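Comments concern the structure below.
Read the figures in this text as sums done on the coordinates, not as results from a lab. The structure displayed is predicted, hence computed values, not measured ones. Backbone-built Cβ (ideal geometry, glycine too); neighbour counts: all protein chains shown.
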Amino acid sequence: MSPIQAAVLAVVEGLTEFLPISSTGHLIMVSSLMGIGKEDFTQFFEVAIQLGAILSVVVLYWRKFFHFKEWQFYVKLGIAVIPALVFGYFLGPKIDLLLINPLYTALAILGGGFVLLFIDNIFHKPKIKEEKEITFLNGLMIGIFQCAALIPGVSRSAASIIGGMQQKLTRSLAAEFSFFLAVPTMAAATGYKLLETLKSSPEVFHNSDNMKALLIGNVVAFVVAFFTMRFLVDFIKKYGFKYFGWYRICIGLVFLLMIKMNQIR
């Protein structure tokens with residue numbers, strides 16, 4: 001993987017990780033267009049650059065993450081991440097099988113687009129406007145919704161935001177809680193992938209080009225994700241999620257066309 005390819009994939013990760021449009025699907029499409037194969041390092045890279053995105057959340061919301069007197073905040077995140085950890089552990093092999101066939105990812109992106117077209121009308125009477133009003137049960141329910149994102153193409157951001165809106169959070173608060181929840185969720189996913197790669201292919205870490213690609217990827221993902229989060233909160237306050245729905249429908253159709261033309265296999 002060249003430095004330019006690493007930077008392009010990192011831009012895609014930074015743009016799509018926190019938007020409700022599926023980072024997995026976009027990374028698959030862009031990797032295919034650039035002719036990047038599914039080697040051990042490539043698969044690790046696409047997960048590892050999430051660390052840059054995680055760091056952007058901590059930096060943007062540093063007052064929240066380092067305000068240790070508000071211990072309830074950390075408990076809420078801990079409770080919310082448990083469902084994904086449990087389901088991810090037991091369903092991991094089946095999820096890997098879904099990733100092998102990109103058709104499932106394309107259909108999930110397309111279907112999720114139709115959901116986002118109507119989600120503003122379905123959950124239009126929010127009652128929870130501040131993070132301190134979120135209960136432990138709210139956190140657990142949002143975490144259960146997040147489990148839908150174990151299906152490639154669903155989008156972790158979309159699943160957790162919809163879960164937040166179903167729990168009566170405002171659109172902007174649901175988006176912000178989704179950002180917070182990304183930190184333990186993505187850290188766990190990255191850590192698991194790191195251990196898995198160390199066991200199966202430790203040689204990928206002995207390559208200086210690979211390490212350079214990882215550094216570039218995480219720095220670029222951090223910068224892009226930082227500004228993407230700020231954009232998302234402002235955007236959904238004004239316009240809601242329907243435009244993301246239309247985008248997902250369009251990109252889902254493009255994905256299906258690329259599969260049909262054997263551009264994605």
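A few points about this structure:
- The lysines whose alpha-carbon is closer than 26 Å to the alpha-carbon of Lys238, local same-chain residues fewer than 8 away aside, are Lys64, Lys125, Lys127, Lys129, Lys132, Lys168.
- Three semi-axes of the equivalent ellipsoid, the range 27-113, Cα gyration tensor, whole Å, largest first: 31, 18, 13
- Taking amide H atoms as placed 1.01 Å from N in the peptide plane, the amide H of Ile128 lies under 5 Å from those of Leu169, Thr170, each 5 or more residues away in sequence or on another chain.
- Efficiency of FRET between Phe114 and His206 - r from beta-carbon atoms, R0 35 angstrom, step 0.05: 0.15
- Cβ-based exposure ranking for His67, His26, in which fewest neighbours within 10 Å come first: His67, His26
- Along principal axes, Cα extents of the range 162-225, largest first, whole Å: 48, 26, 13
- 4 °C / 1.567 mPa s Stokes-Einstein diffusion coefficient of the range 191-265, Kirkwood radius on C-alpha pairs, µm²/s: 80
- Applying 0.36 nm per residue to the separation of Tyr192 and Leu215 and subtracting their alpha-carbon distance, the gain on full extension is 6.4 nm.
- With the helix formula -39500 (n - 2.57) applied to DSSP H stretches of n ≥ 4, the chain reaches a computed 222 nm mean residue ellipticity of -25500 deg cm²/dmol.
- The chain, relative contact order [Cα under 8 Å, separation at least 6], %: 39
- Percent of Cα-Cα distances greater than 18 Å, calculated over the range 17-74: 51
- Note on Val59/Thr135: beta-carbon distance plugged into 1/(1 + (r/R0)^6) with R0 of 35 Å gives a FRET efficiency of 0.80.
- Backbone geometry of the range 101-112 corresponds, through the Karplus equation with coefficients 6.51, -1.76 and 1.60 at θ = phi - 60°, to 3J(HN,Hα) couplings of 9, x, 4, 5, 5, 4, 5, 5, 4, 5, x, x Hz, x marking Gly and Pro.
- Expressed in Å, the radius of gyration and Dmax of the Cα atoms of the range 3-260 are 17.6, 54.
- Label zone (Met261, point 7 Å along Cα-to-C-beta; backbone nitrogen cut-off 11 Å) within the range 1-29: none.
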